[in-house]
Amino acid sequence: MITYRPLEGFAEYGAAVEVQRQVWGFAELEIVPARLFLLAQKIGGQAIGAFAGERLIGFCLSLPGIKRTGEAYLHSHMAAVLEEYQNQGVGRRLKLEQRADALRRGIRLIEWTFDPLELRNAYFNIERLGVIVRRYVLNQYGTTTSKLHAGMPTDRCVAEWFLDAPRTRAILEGGPRRREPVTARIAVPVEIGRLRREDVARARAIQKAVSEQFLECFDRGLAVTGFERSEEFGTYLLSEWES
């Protein structure tokens, strides 16, 4: 049985550091230290763990933020699940725990960034959680030591999760969902994961082309509101959007 609760004490914060090592393989300089998990909880953020028995097998870490308009929100800085527990609903449950905690405190927006070339993650964020995307950041974190990034620029989409919006509730509850008319599509070949390992130059060319399409669409005021999957492509669906 897997249980979910806030992390407690430096032993559990240290376990979260070890999860980072196993999932991303970062150099020590790039690992989020244990004391940041403590700080996040003290200043109104979140450090929520998933436990198999007493073993920490996943976590999510959020920091509080304030928009220029004065609106409070949470920035979900990091979420990780050990490989042997992936594809078992642990990541989704961690996000739902984040949402429930935020709503109890009157917070109605959580944001995070994700790699647009990680198609499984994109599908999860957009179709399983209900985020929208209206911003694209070039090389947000610089070049990292993680083998998952293959030395490529860390371009990121910014996910906006409006926690109690009708669209979000419909997706989370499995009810009928209104689909916005599709204005543009951005297709990413499924083979991008293999190319990152075997042909970084070609993967980088795809990344550059995708980034140009995102930036052009967002300049037009479009937003990602859906995601389609096929054997060959993962396709972002963009629509007119009014918040």
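The values are calculated or read from the model by the stated rules, or taken from the named source; none is laboratory data. Note that the structure is predicted; figures quoted are calculated from it, not measured. As a convention, Cβ positions derive from the backbone with ideal geometry for all residues, glycine included, and neighbour counts pool all protein chains shown.
Some points to look at:
- Enumeration of residues in region 81-95 that are out of contact with any strand residue (DSSP E or B) (no Cβ under 6 Å at 6 or more places or on another chain) and closer than 24 Å to residue 135 by Cβ: 92, 95
- Filtering region 104-115 to residues that are closer than 16 Å to residue 130 by Cα, out of contact with any His (no Cβ under 8 Å at 6 or more places or on another chain) and among the hydrophobic types (A, V, I, L, M, F, W, C) leaves 109, 114.
- Residues in region 1-38 that are among the hydrophobic types (A, V, I, L, M, F, W, C), outside any loop (DSSP other than H, G, I, E, B) and surrounded by 14 or more Cβ atoms within 10 Å (Cβ to Cβ): 2, 15, 16, 17, 19, 23, 24, 34, 36, 37, 38.
- Qualifying residue in region 50-72 (condition: surrounded by 16 or more Cβ atoms within 10 Å (Cβ to Cβ), at pLDDT below 95 and either within 19 Å of residue 17 (Cβ to Cβ) or not small (Gly, Ala, Ser) (or both)): no
- Search result, residues across region 166-182 that are in a loop (DSSP other than H, G, I, E, B) and either of a type in the set (Lys, Arg) or in contact with a strand residue (DSSP E or B) (Cβ under 7 Å, 6 or more places away or on another chain) (or both): 177, 178, 179, 180, 181, 182
- Some residue of region 183-205 being in contact with a strand residue (DSSP E or B) (Cβ under 7 Å, 6 or more places away or on another chain), part of a loop (DSSP other than H, G, I, E, B) and of a type in the set (S, T, N, Q): yes
- Selection of first residues in region 164-179 that are over 21 Å from residue 236 (Cα atoms) and of second residues that are at pLDDT 90 or above and exposed (fewer than 15 other Cβ atoms within 10 Å of the Cβ), restricted to Cβ pairs under 8 Å at least 6 apart or on distinct chains, gives the following pairs, ordered by first then second residue: 164/103; 175/169.
- Contact annotation: residue pairs with Cβ atoms under 9 Å, 6 or more positions apart or on different chains, pairing a residue in region 98-116 that is within 30 Å of residue 209 (Cβ to Cβ) with a partner that is among the hydroxyl-bearing types (Ser, Thr, Tyr) and assigned to a helix (DSSP H, G or I), are 116/211.
- Residue within region 97-112 that is closer than 28 Å to residue 196 by Cα and surrounded by fewer than 20 Cβ atoms within 10 Å (Cβ to Cβ) present: yes
- Of all the criteria given as (1) in contact with an Asp or Glu (Cβ under 9 Å, 6 or more places away or on another chain); (2) at pLDDT 95 or above; (3) in a helix (DSSP H, G or I); (4) within 20 Å of residue 91 (Cβ to Cβ), the one not satisfied by residue 126 is (1).
- Residues being of a type in the set (A, V, I, L, M, F, W, C), within 20 Å of residue 30 (Cα to Cα) and touching a helix residue (DSSP H, G or I) at 6+ places or on another chain (Cβ under 7 Å) - total across region 62-85: 5
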